[in-house]
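Everything on this sheet refers to the single structure shown next.
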Amino acid sequence: MFFREYKLGRRFLGRLPHGSDLVKSIEEFCNKNLVQTATFSAIGAVSSVTLGSYDQQQLVYVTFKKEKPFEIVTCEGNVSIKDGNPIVHAHVVLGDEQGNTIGGHLFSESIVFAGEIDLQELIGEPLERSYDETTGLLLWKF
């Protein structure tokens, strides 16, 4: 295992803008506020969502889009750096009006209906993502 130690930095509580892209709005906030490494959780609802999972045989994400409202049951993620910019990595579980759930890796083009976020900045050497030959994923570089 590879680890780095971080100190707690600023903690932000906020509302996610109605109609915004969930992933991009977090990345834009972090860019504007110079947040390079962070963890976050979010709750609320989306009007549409793009999810996926990683095909470990073909080394590609398989994505799908749902054009319907969902409650965000849980959304957990982190922020690190790729090519000098903040990048979000998040997973989400969503519930529909019948109580059915879906989940997976959260992608852009997931549109916020209403949301709240708790983002904890981490102070230390910024985590950077780079291509990993073994998995085909953008993983933290240590």
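Given 10 °C and 1.306 mPa s, how large is the Stokes-Einstein diffusion coefficient of region 69-142 in µm²/s, with Rh as the Kirkwood radius over Cα pairs? Walk me through the numbers on the way to the answer.
Numbers: Rh = 14.3 Å.
Answer, rounded: 111 µm²/s.
Once fully extended, how much extra length lies between residue 141 and residue 60, figured as 0.36 nm per residue of separation less the alpha-carbon to alpha-carbon distance?
On the way: separation 81, 0.36 × 81 = 29.16 nm, distance 1.96 nm.
Full-extension gain reported as 27.2 nm.
Using only the Cα atoms of the chain, what are the Rg and Dmax in Å?
Reported Rg and Dmax, both Å: 15.3, 44.
Work out, step by step, the length gained on full extension between residue 97 and residue 118: first 0.36 nm times the residue separation, then minus their alpha carbon distance; give nm to one decimal. Write down the numbers at each step before the final one.
Numbers: separation 21, 0.36 × 21 = 7.56 nm, distance 2.50 nm.
In short, 5.1 nm is gained.
Please return the longest stretch of the chain lacking exposed loop sites, where GluC sites (Glu not before Pro) count only if DSSP places them in a loop and at most 15 other Cβ atoms lie within 10 Å. Please list the in-between numbers first.
Values: sites that count: 5, 67, 97, 133.
Free of exposed loop sites, the longest segment is 6-66.
Taking the Cα centre of region 61-119 as the origin and placing charges on Cβ (Lys, Arg +1; Asp, Glu -1), which of 61, 86, 100 is farthest toward the positive end of the dipole?
Of the listed residues, the answer is 61.
Relative to a virtual label point 7 Å from the Cα of residue 74 in the Cα→beta-carbon direction, which members of region 7-41 show backbone nitrogen distances below 13 Å?
41
Beyond a 21 Å Cα-Cα separation, which of these cross-linked pairs lie in this structure: 32/82; 82/141; 32/66?
Working: 32/82 16 Å; 82/141 10 Å; 32/66 30 Å.
Result: 32/66 exceed 21 Å.
What is the distance, in nm, between label points placed 7 Å from the Cα along the Cα-to-Cβ direction at residue 130 and at residue 8?
3.2 nm
Laboratory data are not the source of any read-out in this text; all were calculated from the coordinates shown. For clarity, every value in this text was computed on a predicted model and none was experimentally measured. Don't worry about glycine lacking a Cβ; one is built from the backbone with ideal geometry, like all the others, and counts go over all protein chains shown.
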